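Following: one structure in structure tokens, then a few remarks.
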Amino acid sequence: RDLVGIVDWLAAEILRLGVVVRFHTLADSETVLAEQPDLVVVATGGMPRAPAITGAELAQTSWDAATQPGPAPASALIYDEDGGHAAMSLAQHLTSQGCRVTIVTQDRVLGRSLGGSSYPVYLGALADAGVQILTDRRLAGIERDGAMLRASLVHEYGRGAELLQV
């Protein structure tokens, strides 16, 4: 609730100041220069990218998974490579639709880039939803196994490889 209040206030300030906000727009140099702006602020993200692993074409970006039409899958593995909001938000979105979620990160803790007020809110919601969290593991590959997918995980500290089916 507190975070939504901040977002609402910022949105109201943007409207009050007459700022033009463009969503879902590739901000390449041609597009930006065509606007002849006095100032440009690129405020979010970047381009989704597939991991450099065998079977990467079988994976979806968090954006694609969150905006996919239709019902959520029965189960999902979310690989959190950057420790930010994307993996945790996607896990909440999928579990709210009844999906069984496992989050994997190569880091020692999930959400390493999150601030102190976001971290406990996410972890509480994920715990309540029964999300399995695996730390210290890197996604090494994905392969099809019938109707399912199988992810190969490598432990960062030398315990070898694991296979996880989703």
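Key figures for this structure:
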| item | result |
| --- | --- |
| Quotient of C-alpha Rg and 2.2 N^0.38 Å, computed over segment 69-166 | 1.07 |
| ALA66-ASP8 pseudo-label distance in nm [points 7 Å out on the Cα-to-Cβ vector] | 2.1 |
| Expected-Rg normalisation [2.2 N^0.38 Å, Cα atoms] applied to segment 118-166 | 1.41 |
| Three principal axis lengths of segment 1-125 [C-alpha, angstrom, descending] | 46, 37, 33 |
| Lys, Arg +1 and Asp, Glu -1 on Cβ, resulting dipole of the chain about Cα centre, debye, nearest 20 | 460 |
| Gaussian network model of the chain, springs between alpha carbon atoms under 10 Å - residue of ALA27, ALA125, ALA86 with greatest fluctuation | ALA27 |
| Distance between segment 67-129 and segment 7-32 - C-alpha centres, whole angstrom | 27 |
| Cβ-defined net charge surrounding VAL166, 12 Å radius [Lys, Arg +1; Asp, Glu -1] | +1 |
| Per residue accessible area in Å² of the chain, where ligands, DNA and RNA are left out and the probe is 1.4 Å | 68 |
| Charge dipole (segment 1-122, unit charges on Cβ, about Cα centre) - positive-most of PHE23, TRP63, VAL101 | VAL101 |
| Kyte-Doolittle mean at least 1.0 and Cα axial length at least 20 Å: DSSP H helices in the chain | 2-17 |
| Net lengthening on full extension, ALA129/THR54 (0.36 nm per residue, minus Cα-Cα) | 24.0 nm |
| Among LEU126, MET88, LEU10 - extreme Cα towards positive end, dipole of the chain, charges at beta-carbon | LEU126 |
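The values are calculated or read from the model by the stated rules, or taken from the named source; none is laboratory data. Owing to the predicted nature of the structure, the values given are computational and were not obtained by experimental measurement. No Cβ is skipped: glycine too gets one built from the backbone with ideal geometry, and neighbour counts run over all protein chains shown. For accessibility, only protein heavy atoms count, side chains too; no ligands or nucleic acids. Shrake-Rupley method; radii C 1.70, N 1.55, O 1.52, S 1.80 Å.
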